[in-house]
Amino acid sequence: MERLLALQELDLAIDRLQARREVLESGDDVRAARRRVEEAEAALGELGLQVAAVDREAKRLEGDAELVGRKADAEDRRMYDGSVANPKELEAIQHEVASLRDRRRRIEDELLERMVEREDLDAKVAAGQAELDSARERLSEVGGQAGEELDRIAADLAARTAERQRMLPEFDEDLLRLYEDLRRSKRGVGAAALIDGVCQGCHQKLSSAEVARLKTADLKRCEYCDRILVPVQAAPAE
């Protein structure tokens, strides 16, 4: 019966290899790597749009600041070139110049905010480009590594399958048939160790009465999951 646990471990190893082979042959790794590239490209493209929008707004603000500044300078010159003598008109021009200067300061403050925003976006673009470079490198690696890994899996499967075939004659046909049936219905695990009264297949603790009964049973089965049980001594505590 202890050899049945060895067969179970071997079968689980074969199952894992076959599952990995299916993943590689279906291209799941490659698809995941390609999806990461596409997501990085989309994120970088969105950042590019944001940068372009900020640049357009900054250019507009620069133009507005320059226009308002020229108008303020022109009005300022009018106050001192002698072309206006009326005190009330001069006072009105003075207020207009002050208003224009204030407006230009507000525009320049907003322009400064856009410049700070652009710096933040530049940092995000750099990070996004780094992510895209990493994703593209991963895609290249996966594409090349998949074939090599499939070769290693094929060799491992051949070796383990041959080992399994050598083990099969050791088992009673009825026991082997039951084990195979349980593997199909129990997610690949037909036999499990029984350690300190706990089934290692379903991790349920058997009742004391059931543990006592199993000691004299020829074929031991878990009362909860129905798997074949193989009593194993617990490893001594260090």
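The values are calculated or read from the model by the stated rules, or taken from the named source; none is laboratory data. Fair warning: this is a prediction, and the values are worked out from it, not measured in the lab. We place every Cβ from the backbone using ideal geometry, glycine too, and count neighbours over all the protein chains shown. Areas reflect the complete protein model, heavy atoms only, side chains present, ligands, DNA and RNA absent. Shrake-Rupley method; radii C 1.70, N 1.55, O 1.52, S 1.80 Å.
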- Message: Run the count for the chain, please: Lys pairs, Cα-Cα under 28 angstrom, 8 or more apart or on different chains.
- Response: 8
- Once every DSSP H run of n ≥ 4 in the chain is given -39500 (n - 2.57) and the sum is divided by its residues, what mean residue ellipticity at 222 nm do you get, rounded to the nearest 500 deg cm²/dmol? -27500 deg cm²/dmol
- Using a 1.4 Å probe and counting only protein heavy atoms, arrange Arg105, Arg118 so the residue with the most accessible area comes first. Arg105, Arg118
- Query: P(r) for the chain: what percent of alpha-carbon pairs falls in each 10 Å bin, starting at zero?
  - Reply: 6, 16, 14, 12, 11, 9, 8, 7, 6, 5, 4, 1, 0
- Under 1.5 on a/c is rounded, so check that first for the stretch 100-230, then, if it is not, pick prolate when a/b is larger than b/c and oblate when it is not; a ≥ b ≥ c are the square roots of the alpha carbon gyration tensor eigenvalues. oblate
- For the chain, Cys with no neighbouring Cys Cβ under 4.7 Å: none
- Task: Determine how large the accessible area of Thr216 is when every protein chain is in place; take a 1.4 Å probe and give Å² rounded to the nearest 10.
- Result: 120
- Area of Ser26 that stays accessible when all protein chains are in place (1.4 Å probe, Å², to 10): 50
- Query: In percent, what relative contact order does the chain have, based on Cα pairs under 8 Å that are 6 or more apart in sequence?
  - Reply: 25
- Message: Let me cross-check Cys225: its accessible surface, 1.4 Å probe, with only protein heavy atoms counted, in Å² to the nearest 10?
- Response: 10
- Give the distance, in whole Å, between the Cα centre of the stretch 141-191 and the Cα centre of the stretch 41-85. 73
- Item | Relative contact order of the stretch 1-104, defined on C-alpha pairs under 8 angstrom at six or more residues apart (%) | 23
- Rg and Dmax of the stretch 42-155, Cα atoms, in Å? 28.1, 102
